[in-house]
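Peer 1: Quick one: this structure, given as structure tokens, is what I'll be asking you about.
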Amino acid sequence: MMVESTDMALDGLYQEIILDHHKDPRNFGPLQKAEGVAEGFNPVCGDRVEVEVSYGPHGEIKECAFQGEGCSICMASASMMTEEVEGLSKDEADDRIAAFRGFMKGEGDETFKDTDLESLSGVRRFPVRIKCALLPWTTLKDCLSK
Ligand code: ZN
């Protein structure tokens with residue numbers, strides 16, 4: 001697979017966290033009652049992801065799940081994202097999406113410090129792969145705006 005060279009080049013610890021999410025993705029599969037659904041596709045790598053959300057009584061994200069297939073970076077990013085945004089209001093989630101986009105550009109390291117998402121900082125060195133990491137987040141944004 002074309003992803004291997006990048007994966008191998010990532011930092012040992014970071015690589016472990018990413019591969020763990022890839023092997024054992026959190027919140028993978030359809031929601032029982034999805035209230036928002038969006039699909040995203042990254043033609044450069046072939047990543048496909050579908051994001052689903054359900055909302056709580058105050059409009060907060062009650063559940064966020066994803067399905068799809070793609071490289072380890074895309075799948076791991078999706079898995080980490082679903083954990084990150086659970087319980088957030090739409091505005092908070094939008095902020096987090098913007099923060100992650102910035103993070104991939106090299107900004108805001110403190111926002112994701114000590115979270116699993118921090119492990120994706122190594123992806124910055126591979127500009128082509130940044131799209132892989134961002135795909136679930138842009139798809140979530142789509143999903144929230146519907
Ligand atoms: Zn990819």
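The values are calculated or read from the model by the stated rules, or taken from the named source; none is laboratory data. All figures in this text were calculated on a predicted structure; none of them were measured in a lab. Methodologically, a virtual Cβ is constructed for each residue, glycine included, from the backbone with ideal geometry; neighbour enumeration extends over all protein chains shown.
Peer 1: Can you name the number of the only condition in (1) modelled with pLDDT of 95 or more; (2) part of a helix (DSSP H, G or I); (3) not charged (D, E, K, R) that T111 fails?
Peer 2: Evaluating T111 over (1) modelled with pLDDT of 95 or more; (2) part of a helix (DSSP H, G or I); (3) not charged (D, E, K, R) leaves (1) as the failure.
Peer 1: Cβ-Cβ distance below 6 Å, separation of 6 or more or different chains: which pairs start in region 126-146 with a residue that is assigned to a helix (DSSP H, G or I) and modelled with pLDDT of 95 or more and end on one that is among the acidic types (D, E) and surrounded by 23 or more Cβ atoms within 10 Å (Cβ to Cβ)?
Peer 2: Here the result reads C132/D47; L135/D47, each pair linking region 126-146 to a residue that is among the acidic types (D, E) and surrounded by 23 or more Cβ atoms within 10 Å (Cβ to Cβ).
Peer 1: Could you pull out the residue among A93, A99, A34 that is away from the ligand (no atom under 15 Å from the Cβ), outside any helix (DSSP H, G or I) and in contact (Cβ under 8 Å) with a residue 12 or more places away in the chain?
Peer 2: Working: A93 fails: outside any helix (DSSP H, G or I); A99 fails: outside any helix (DSSP H, G or I).
None of the other options fit; the residue is A34.
Peer 1: Residues of region 102-140 being under 17 Å from E39 (Cβ atoms) and either within 12 Å of the ligand (Cβ to nearest atom) or surrounded by fewer than 19 Cβ atoms within 10 Å (Cβ to Cβ) (or both), which ones?
Peer 2: K131, C132, L134, L135, P136, T138
Peer 1: Can you run down the residue pairs with Cβ atoms below 9 Å, 6 or more apart or on separate chains, where the first is in region 41-52 and part of a strand (DSSP E or B) and the partner is acidic (D, E) and away from the ligand (no atom under 11 Å from the Cβ)?
Peer 2: From region 41-52, the pairs are R48/E39; V49/E39; E50/E39; V51/E39; V51/D142; E52/E35; E52/E63.
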